[in-house]
Amino acid sequence: MPEFTKTTLSNGLTVLLKEIHTAPLISSWMWYRVGSRDEAPPLTGISHLVEHMQFKGTPKYPASIMDKAISRDGGMWNAFTFLDWTTFFETMPADKIDLALRLEADRMRHSVFDEKEFASERTVVASEREGNENEPLFQLGEAIQQAAFRVHPYHHEVIGDMADIQSMTRDDLYHHYRTYYVPANAVMGVAGDFKTKEMLSRVKELFGKIPSGATPPRLARSEPEQRGEVRLSIEGQGETAYLEVAYHFPAASHQDFFALSVLDSLLAGPSNLNMFGGGGISNKTSRLYRALVDKELAVSLSGGSTTTIDPFLYYITLTIHPKRTPDDALAALNVELQRVQDELVSKEEVSRAIKQARANFAYGMENITNQAFWLGYSEMFADYDWFLTYLDELAAVKPKDVQRVARLYLRPQNRVVATYIPAEKGE
Amino acid sequence: MCAQRKSSLALISSLPGPEDVYRKVLSNGITVLCRANFNSPSVSINGYINAGSLFDSDEKLGLADFTASALMRGTEKHSFDSLYNELEAVGASLGFDAGVHTTGFHGRALAEDLTLLLDLLSETLRRPIFPDAEVEKLRHQLLTGLAIRAQDTSDMADLTFDEILFQGHPYARPEDGFPETIQAITRQDLMEYHRKSFGPREMVIAVVGAVEPKKAMDATGRVLGDWENPNQVDLPVMSEPKRLDETIKRHVKIDGKSQADLIIGTNGPRRTDGDYLAAALGNSILGQFGMGGRIGDAVREKAGLAYFAYSGLSAGIGPGSWSANAGVNPANVNKATDLIVKELKRFVKSGVAKEELSDSQANFIGRLPLSLESNSGVAGALINIERYSLGLDYYRKYPDLVKSVTRSAVLEVARKYIDPDRLAIAIAGS
C-alpha cells in the first residue's frame, strides 16, 4: 500500500496526502466535523442545508461559475452530509486539481448565503425530503431512529424534519456555517497523481492563511441504555410488508466493532464500507438468507451497520414474502440469532468473512476517489490507522469473539422491532 | 505548459487502445476482449449473449428476464446454495439481467479467483436446470418486485413513458413483465427459451483486471470455446417505432406519495447513428452539464421546484428516447412541465451557444479517465466498442470526434428528434 503523509497546519487544518500514480487523476476531500448529531430542534437538517448552500457561490466564484468550471475540466464533485460529518469532494484530471483546491479554500470562508438563493434551495431540500418520504424504508428508518434515541441527537434523520426545513432562516444557516466551517474543525484528504512536497506546499499556500477559528463543541448527550424491546409499526400504501430490526451497536472505534463486522458478514453477507466502487457481493449463503429467504418467509434481506463516533445501530431489513407475515419472519430471525449466541461459529466461516472483506477492499482500490475518501473518512470516527489495520483486526477475530458480541449486542432488550404494514393488509 | 502537455499524453495513453486491448473471435463465434490493469488485485467480467425480451410473447412477457434470473438457481453440477457458496466464500459476484436485445452478465473477483468465476459463468450459461422449487421461489420474488414497482413513482413514470412513446412497438413493454404474465410462465417455458436462444453466436465477453491478457484470453477460451448450440435462433427483426402525431399526457395515480415523478420526452437516435454524438453533446447542454444543464438550471436552481431535474438520452441497438426527468411536489407538476417544455422549445428554436458547446466538449473529453478508471468501467467500455462496432481505437479518436461536432449539427439533431408539439408526458404520483 503506498505511503501517506499526515500533518496539521498551524491553523489546525489536518491534511492527509497519498500519492497514487496509476491514472492522471487527483481526488480532494474536505471534511468538517459537523453533522445531524450537532443539531437540535427547531434546526434539524441545518447541516445538510448548509452543505447545499456551499454550492451557491462566493463573491469570487458565483454559483453557476463553480459548476461549470468543474464540469468543463472533466471533473466530478459532490458533497454528503451524515450523522457525524459533512464532506465535499472533487475528482479532477491531475493537471486541473488546482481549480478544486482554490474553490474549496474560498468556500471555507467566503460563501455568500444569498437570501434569494436560500429561498430556492429550501424548496429543493423540501423536495428531496418528499422524494425520501415516498419510500417505505425511509419511513421505517426515521421511526426507528426516533424510537432508539430519545436523548442522543442521532434521534433525527440527517435531512431533518419538514417543519424545521420550512422554518429555519438564512441567518441560522450562516451562523452554523461560520461556527463549524473553520480549519481547526476540518480534515483534508488528497490522493492521486501528485508529488507530496508540491501538493503540501500548495495546500499550505491556499489554506494556511485561513484563520483557525475556535474548535466548536459537539453536542454530547449520551443515550441511556435501552431497557426492553421497543416495537413500532407504520401503515402505508402498497401490498408489500417490511420488517426492520435495529440493535444498538458500539462506536466504530470500539474494539467490538471488528468482531461485529465478522458477525454481520456471517448473518447477512458482507457490508461494503467503501463509498465508491466496492460491494456487489451477494448474501445468498448467509445464515439469515438461508433461514428466511430460502425458507420463504422473506423475499430479500440485508444487514449492516455504519461507522459512527457514538454508538449507533445495526439494521436487519427484510422484505416479507407475500404469503407470510412480519411476525412469522421475526420468529425465524430470533431462532437464527439465538443459534449464533448458543453455538460457536466455525473457523471457516470467520475466514470466509475475512476474505470477503479483503475482496471488498481490493474493489475499492480500483479508483482514486475511493482511496482519497478513506483518508478523511476514517479520521471522522477514528483515524487513518483504523483503515490501514482494518483487515488485520478482522483477521484476529476468533469464533469465541463472535459469540461474545452476539450475546452482548443481539439481545431483544437492545433492539427496536419495526414493521411496515401495507394498508391493504392492515385493519 | 510542460505540465499540461505531459498530462494530455498521460490522459490519452491511460485510455484503452488497440495496443493494450486484446481481441479474439473464438471458432464458435464468441468475441473475447481483454485488458490488463494491475492497480488492484481484482478482475471484472462483463458481456452479453444475443437473447432478450424481443423473443417474449405478450402473454408471457418477462420470460427473458425470468430466465436470466433463474440461471443461477441450479445447474447440472451445483445447487443454488452451493453455486452461491463458491462465489460468496471468495468475495466474488456474478449476475445476469435481460434487456430487449441481449442478456447481459457481469461479475468480479479477486484475480486469484478468475478461473472460478469463468467456470461458473460457463456453467450457468450452458447448463442451468431450473429446479421446480427454485423457480417457484423466484416467481414470488419477481411478483414482489412487481408489487414494489407498482408503488414506485420513478418506475411507474418510466413504464408509462415507454407505453406512450413506443405504442405498438416492442420497446413499449417492460422487460420484467406484469404480474399476470409472470404467473403464466412455466418451468417448461424457461427451458425451451434457454434451449432456443442461448448460444455462443454473437456473444461478447470482456475480462479486465490484474491478469495478463493472454492468460485471461486462454482461460476464457478454455471454458467457453467448446460451447455449441445448433438450435440457437436469431432475434426477430424489429420494426421502427412510429413518431407521435401529437402530445400525449398520462397520469398514473399512486396514493400516499409526497413526490410525483415527471418524464417529458420524445424519440432519440441509435447509438450507431452518425448524429449520436451531436445528440449527446446537445443533451449535455440541455440537461446534464454542471447541475443538470439548462433544465436543471430552470427547474432546480432558479425555480427550486425539484431535487433532481435533468435530461437523458437512451441510445442503444435500436432508436431510443430523449427525455427530461424531474421529481416534484404533486402541486408543482404543471409548473415544472411548463418550464421543461419552454426549454425544449428554446433548444429547437435557437440551438446552443458557442461557449455552451465548447464547455460540454471539454467535459466529454476531460471526464474520460475518470469514467474509465475501474475495471468494470473499462469492461463496460470494451463491451460498447464491440456492441456498436466503434473500433478498438475509439477512445484514442474520441477527443477529435467530440471536437468535430458543430453548433449546426446539434441544432439539426435537436430539430430532427424534438418536436415540442409531439411529446410523451408521463406523471406518476398522488
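Just so you know, all these numbers are worked out from the coordinates, no wet-lab data involved. Not measured: the values here are computed from a predicted model. Cβ: placed from backbone, ideal geometry, glycine included. Neighbour counts: every protein chain shown.
Observations, loosely collected:
- Along principal axes, Cα extents of region B:20-224, largest first, whole Å: 47, 37, 33
- Averaged over the residues of A:121-133, the number of partner chain Cβ atoms lying within 10 Å of the residue Cβ comes to 6.
- Dipole of chain A, positive end: most advanced residue of A:7, A:360, A:206 [Cβ charges, Cα centre]: A:7
- 26 Å Cα-Cα threshold exceeded, pairs from A:116/A:204; A:96/B:214; A:96/A:197; A:18/A:347; A:295/B:253: A:116/A:204; A:96/B:214; A:18/A:347; A:295/B:253
- Exceeding the 21 Å Cα-Cα cut-off - candidates A:60/A:209; A:56/B:335; A:68/B:345: A:56/B:335; A:68/B:345
- With Cα atoms as the point set, region A:230-425 shows a radius of gyration and Dmax of 17.1, 51 Å.
- Global geometry of region A:171-249, whether rounded, prolate or oblate, following the gyration tensor of its Cα atoms and the 1.5 cut on a/c: prolate
- Dipole of the protein assembly as shown [Lys/Arg +1, Asp/Glu -1 at C-beta], most positive-end residue of B:142, B:311, B:280: B:280
- Once the Cα gyration tensor of chain A is diagonalised, semi-axes √(5λ) in Å: 38, 27, 19
- Reducing region A:86-120 and region A:191-233 to their Cα centroids gives an inter-centroid distance of 17 Å.
- Reciprocal of mean inverse Cα separation for region B:248-429 (Kirkwood radius, Å): 17.2 Å
- Lys, Arg +1 and Asp, Glu -1 on Cβ, resulting dipole of region A:1-108 about Cα centre, debye, nearest 20: 180 debye
- Inter-site label distance for residue B:136 and residue B:215 at 7 Å from Cα along Cβ, in nm: 4.6 nm
- Intensity falloff of region B:123-201 expressed as log10 I(q)/I(0), Debye formula with alpha-carbon point scatterers, at q = 0.12, 0.25, 0.27 Å⁻¹: -0.47, -1.15, -1.20
- When you count the other C-beta atoms within 10 angstrom of each residue and take the mean per peptide, B:357-363, A:248-254 line up highest first as B:357-363, A:248-254.
- Cα shape, region B:105-157, gyration tensor, a/c 1.5 rule: oblate
- For the pair residue A:388 and residue A:112, label points projected 7 Å from Cα toward Cβ lie 4.4 nm apart.
- Label-point separation, residue B:169 to residue A:218 (7 Å along Cα→Cβ), nm: 5.5 nm
- Prolate/oblate/rounded label for chain B (Cα gyration tensor, a/c 1.5): oblate
- Cα centroid separation, region B:139-182 to region B:240-307 (Å): 19 Å
- Computed FRET value (nearest 0.05) for residue B:334 with residue A:98, which takes r as the C-beta separation and R₀ as 45 Å: 0.50
- Binned Cα-Cα distance frequencies in region A:251-296 - 10 Å width, integer %: 26, 43, 27, 3
- If R0 equals 60 Å, the separation of the Cβ atoms of residue A:408 and residue B:186 corresponds to a calculated FRET efficiency of about 0.75.
- One Cα centroid belongs to region A:299-334, the other to region B:351-387; the line between them spans 40 Å.
- Packing here is the average count of other Cβ atoms within 10 Å per residue, and on that basis the peptides A:227-237, B:411-421, B:260-270, highest first, run B:260-270, B:411-421, A:227-237.
- Among the residues of B:365-377, the average count of other protein chain beta-carbon atoms within 10 Å of the residue beta-carbon is 6.
- Once C-alpha pairs closer than 8 Å and six or more residues apart are averaged by separation and normalised to the residue number of chain A, the relative contact order reads 23 percent.
- Residue B:195-residue B:314 FRET efficiency (beta carbon distance; Förster radius 41 Å; 0.05 resolution): 0.85
- Dimensions of the protein assembly as shown along the principal axes, based on C-alpha atoms and rounded to the nearest Å, stand at 75, 72, 58, largest first.
- Each helix, a run of at least 4 DSSP H residues, gives -39500 (n - 2.57); summed and divided by the residues of the protein assembly as shown, these come to -13000 deg cm²/dmol at 222 nm.
- Only Lys, Arg (+1) and Asp, Glu (-1) charged, at Cβ; region B:248-429 dipole about Cα centre in debye: 420 debye
- Number of partner chain Cβ atoms within 10 Å, mean per residue of B:325-335: 2
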